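One structure below.
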Amino acid sequence: MNTTVTLKHQTIHLNAPISGTTLPLLEVLDPLISQGVLGHGIAIEPISSRIVAPCHGTITELAPTGHQLSLTTEHGVVITIIIGHDAIRTHGLGFSKKVTCGDIVIAGQTLIELDTLKLKAQLQSLAVSILITKGALKLKHHFGIKRAGEDKLLSIVIKDHQ
């Protein structure tokens, strides 16, 4: 008996979590990010100070320092946002968390506010990396100048769960 399985795919879109100019991950200073060890995605050189949710989801991880968080979508895609190079050494100074682990957020909701003057003085780079760490079959990058919560940043092909 032969059984044919048809896989269906769907595409979800992520908006920019911060305003700025996009960069390929290869240009990020952290080798774990630039070499794709932590996931695949895109980075933004910020020109604003608010990190917003790129889509609807649940906050599943939030570093005590506020420099890193993960959001899981209803489709099971895990998005990790890492702010700055070696930002853990700031001990949270310059990061103001507006959410906690377990919060359900909507696209555009403020997640973290940054004191960009303080952080730029402390960090070698303030580039924000947006990484897909689970659930994506394929990514399409949308490069250019982006507005937080408004402009499409990544299109993600996922397996349809229906």
* Asked: About its Cα centre, what dipole magnitude does the chain give when the only charges are +1 on Lys and Arg Cβ and -1 on Asp and Glu Cβ, stated in debye to the nearest 20?
  -> 180 debye
* Structure fact -> Here, GluC sites (Glu not before Pro) of the range 33-114 satisfying both criteria (DSSP loop; at most 13 other Cβ within 10 Å) are GLU74
* Structure fact -> Hull surface over four for the Cα convex hull of the range 9-159, reported in nm², is 7.5 nm²
* To do: Pull out the extension gain between LYS159 and LYS120, defined as 0.36 nm times the separation in residues minus the alpha carbon to alpha carbon distance; nm, one decimal.
  => 10.1 nm
* Asked: Assuming R0 = 35 Å, what is the FRET efficiency of HIS75 and GLU113, from their Cβ-Cβ distance, to the nearest 0.05?
  -> 0.80
* What stretch of the chain, leaving out the sites themselves, is the longest with no trypsin sites (Lys or Arg not before Pro) in a DSSP loop having at most 13 other Cβ atoms within 10 Å? -> 9-146
* Asked: So, in Å, what gap is there between the alpha-carbon centers of the range 18-33 and the range 131-156?
  -> 13 Å
* Go through THR80, SER48, HIS9 and say which Cα lies farthest out towards the positive end of the charge dipole of the range 1-127; charges sit on Cβ, +1 for Lys and Arg, -1 for Asp and Glu. => SER48
* How much length, in nm to one decimal, is gained on full extension between THR11 and LEU29, taken as 0.36 nm per residue of separation minus their Cα-Cα distance? -> 3.5 nm
* Asked: In percent, how large is the relative contact order of the range 9-159, given Cα pairs closer than 8 Å and 6 or more residues apart?
  -> 36 percent
* To do: Mind giving me the nanometre distance, one decimal, between the label points for THR58 and THR133, set 7 Å out from Cα along Cα→Cβ?
  => 1.6 nm
* Pull up the cross-link candidates among the lysines for LYS140, meaning alpha carbon to alpha carbon under 28 Å and not fewer than 8 places away within one chain. => LYS8, LYS152, LYS159
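Bear in mind that the values in this text are calculations on the coordinates, not laboratory data. Here the structure is a predicted model, which is why all the values come from computation and not from measurement. Here the Cβ is made from the backbone with ideal geometry for all residues, glycine too, and neighbour counts use every protein chain on show.
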